[in-house]
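See below for the structure under consideration.
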Amino acid sequence: DAGVIQSPRHEVTEMGQEVTLRCKPISGHNSLFWYRQTMMRGLELLIYFNNNVPIDDSGMPEDRFSAKMPNASFSTLKIQPSEPRDSAVYFCASSEVAGGPVNEQFFGPGTRLTVL
Amino acid sequence: AQSVTQPDIHITVSEGASLELRCNYSYGATPYLFWYVQSPGQGLQLLLKYFSGDTLVQGIKGFEAEFKRSQSSFNLRKPSVHWSDAAEYFCAVGYNDMRFGAGTRLTVKP
């Protein structure tokens, strides 16, 4: 398996622009997680899906952030409009288990977002 | 409240020396416990995990961790550190969801 795939790996955009980050989880995994990592705040869980359904989006910082999972093999995280404080590395992770106790999460390589 | 604490932000050890990274947690019950490693520019990779049973868990790359219920701790150890172990290490705990600690950055001196 190719592992969790994220695109793009790097994104540089200007304040006010829309940004879309993409994730393809490992085939057969039922849970998908979006994280944000910054020096100041560390690793933060933004939202996670079980069986394509959003379960907990309490970590999404503002209405400017939205996430979708239209099918089991694809998810997007959108920021509209983007702001400089959104600059961070965004990770997608997937896990085999949906519901019940947590299990190992497999992380993608991340998308480094810079908002100028 | 549920929390994960990694008391050491940055640790420096000499190559060949032993290593112990600390992790303490606060949780309503015994959670599942994980250690992840993040190399520069990479995503997180699982080193080891504890669900139940033997409290001493062996992981990849020669790492081990010991669960101590009385101390609410899950410290990571390695008997002899290699230069390639330089990375950021994250402890994570949870049952229905997973919470990550702030991480400990490991520097290895030649």
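The values are calculated or read from the model by the stated rules, or taken from the named source; none is laboratory data. Here the structure is a predicted model, which is why all the values come from computation and not from measurement. Virtual Cβ from ideal backbone geometry, glycine too; neighbours counted across all protein chains shown.
Is it the case, given these coordinates, that B:L47 is crowded, with 19+ Cβ neighbours inside 10 Å and of a type in the set (A, V, I, L, M, F, W, C)? Quick ask: steps written out before the conclusion?
On the way: crowded, with 19+ Cβ neighbours inside 10 Å: yes; of a type in the set (A, V, I, L, M, F, W, C): yes.
Yes, satisfied.
Can you find a residue that is at pLDDT below 95, surrounded by 14 or more Cβ atoms within 10 Å (Cβ to Cβ), at negative phi and not aromatic (F, W, Y) anywhere in segment A:5-23? If you could, list the steps in order and put the result at the bottom.
Initially, segment A:5-23 is screened for residues at pLDDT below 95, giving none.
No, segment A:5-23 contains no residue that is at pLDDT below 95, surrounded by 14 or more Cβ atoms within 10 Å (Cβ to Cβ), at negative phi and not aromatic (F, W, Y).
Counting only strands (runs of 3 or more DSSP E) that sit wholly inside segment B:40-110, those with at least 1 residues that are at pLDDT 95 or above are B:44-50, B:56-58, B:64-68, B:73-78, B:87-94, B:104-109. Tallying residues that are of a type outside the set (A, V, I, L, M, F, W, C), surrounded by 14 or more Cβ atoms within 10 Å (Cβ to Cβ) and assigned to a strand (DSSP E or B) within segment B:1-39 yields 6. Taken together, the residues in segment A:59-89 that are within 14 Å of A:E11 (Cα to Cα) and within 11 Å of chain B (Cβ to nearest Cβ) amount to 1.
Can you spot a residue in segment B:39-51 that is within 11 Å of another protein chain (Cβ to nearest Cβ), of a type in the set (F, W, Y) and either over 21 Å from B:D8 (Cβ atoms) or in contact with an Asp or Glu (Cβ under 8 Å, 6 or more places away or on another chain) (or both)? Checked against the condition, which is being within 11 Å of another protein chain (Cβ to nearest Cβ), of a type in the set (F, W, Y) and either over 21 Å from B:D8 (Cβ atoms) or in contact with an Asp or Glu (Cβ under 8 Å, 6 or more places away or on another chain) (or both), segment B:39-51 yields at least one hit. Pairing residues of segment B:43-65 that are over 17 Å from B:K78 (Cα atoms) with residues that are acidic (D, E) and not in a loop (DSSP other than H, G, I, E, B), at Cβ distances under 9 Å and at least 6 apart in sequence or on separate chains, gives B:L44/B:E88.
Note on segment A:69-102: residues that are within 22 Å of B:C91 (Cβ to Cβ), surrounded by 15 or more Cβ atoms within 10 Å (Cβ to Cβ) and in contact (Cβ under 8 Å) with a residue 60 or more places away in the chain amount to 6. The one condition from (1) at the interface with another protein chain (Cβ under 9 Å from one of its Cβ atoms); (2) free of Cβ contacts under 8 Å to residues at least 60 places away in the same chain; (3) on the phi < 0 side of the Ramachandran plot that A:R36 does not meet is (1).
In the condition set (1) closer than 17 Å to A:T114 by Cα; (2) in contact with a Lys or Arg (Cβ under 9 Å, 6 or more places away or on another chain); (3) of a type in the set (V, I, T), A:V4 is compliant with all but (1).
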